[in-house]
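**Q** Here it is, the structure in full.
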Amino acid sequence: MRAAMECEPGRRVVRLARLAALAPLPTGLWRIAGAVGVPLGFSGGDPLADVRFGSGFSLYMIALSVFAEMLGFLALGLVQRWGEVAPNWLPLIGGRRIPPLAAVIPAGLGAAALTLLGVLGAIGWNAPGNMGAPGSPTGVAYWVMTACYLPLVAWGPLLAVVTVAYHRRRRVAAPGRRLVTV
């Protein structure tokens, strides 16, 4: 058994954190492809039917993709040193230990929100207002879009598992009691 203070995360948790960080990537790449003018299979009056690179909608799609991947990247902080001690280059907090709850609370809330969005998205994927709407992709375009969005369903649960592992590793032991990892 190892003391939890300063212990390393297990290999499985590191792998799950990497998967959580990569979960938004396929969707982001799909969005960026559409933002630069690759046809996504939409038709009619749908905004995705005729995206022009450089338009406000195109820039929004790119920014959303970059933002989502940056959020995904934060999952790695739950298994890396920079998630326990702030990097020295950060003003005011550089080199200081990060209070565990400062990471656990936002990561836990994020995991809950992502899980809810993933479940709702999966339930409503083929609803008339979504992929069941006229003008939505069909055939290969439908399956490519579905495959790109499917990892988002796993993002929340992956983040939840990594957050719980982080919390267990970093929680403060009661005085006089040695804390061990599972």
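**Q** Counting only C-alpha contacts under 8 Å and six or more residues apart, can you give the relative contact order of segment 1-155 as a whole percent? It would help to have the intermediate numbers written out before the result.
**A** On the way: 167 pairs, mean separation 46.0, N = 155.
The normalised contact order for segment 1-155 reaches 30 percent.
**Q** Pulled fully out, how much extra length does the chain show between LEU76 and ASP46, if you take 0.36 nm times their separation in residues and subtract their Cα-Cα distance? Mind dumping the intermediate values first?
**A** Numbers: separation 30, 0.36 × 30 = 10.80 nm, distance 3.59 nm.
Here the segment from LEU76 to ASP46 would lengthen by 7.2 nm.
**Q** Find, among the GluC sites (Glu not before Pro) in segment 1-95, those assigned to loop by DSSP (not H, G, I, E, B) with at most 11 other beta-carbon atoms within 10 angstrom.
**A** Values: sites: GLU6, GLU69, GLU84; in loops: GLU6, GLU84.
Qualifying residues, ordered by number: GLU6.
**Q** Angle check, please: helix 139-149 long axis (alpha carbons) against the longest principal axis of the chain (alpha carbons), in degrees 0 to 90, nearest 10.
**A** Rounded to the nearest ten degrees, it is 20.
**Q** For the chain, which longest stretch is free of loop sites, where a loop site is one of the trypsin sites (Lys or Arg not before Pro) that DSSP puts outside H, G, I, E and B and that has at most 15 other Cβ atoms within 10 Å? Mind showing how you got there, number by number?
**A** Details: sites that count: ARG2, ARG52, ARG96, ARG171, ARG177, ARG178.
The longest such stretch corresponds to 97-170.
**Q** Which of [x] 11.0; [y] 13.0; [z] 12.0 is the computed mean projected area of the Cα convex hull in nm² for the structure on display?
**A** Matching entry in [x] 11.0; [y] 13.0; [z] 12.0: [y].
No lab work stands behind these numbers, since they all come straight from the coordinates. Keep in mind it's a predicted model, so treat the numbers as computed, not measured. Here Cβ is always computed from backbone atoms with ideal geometry, including for glycine, and neighbour counts include all displayed protein chains.
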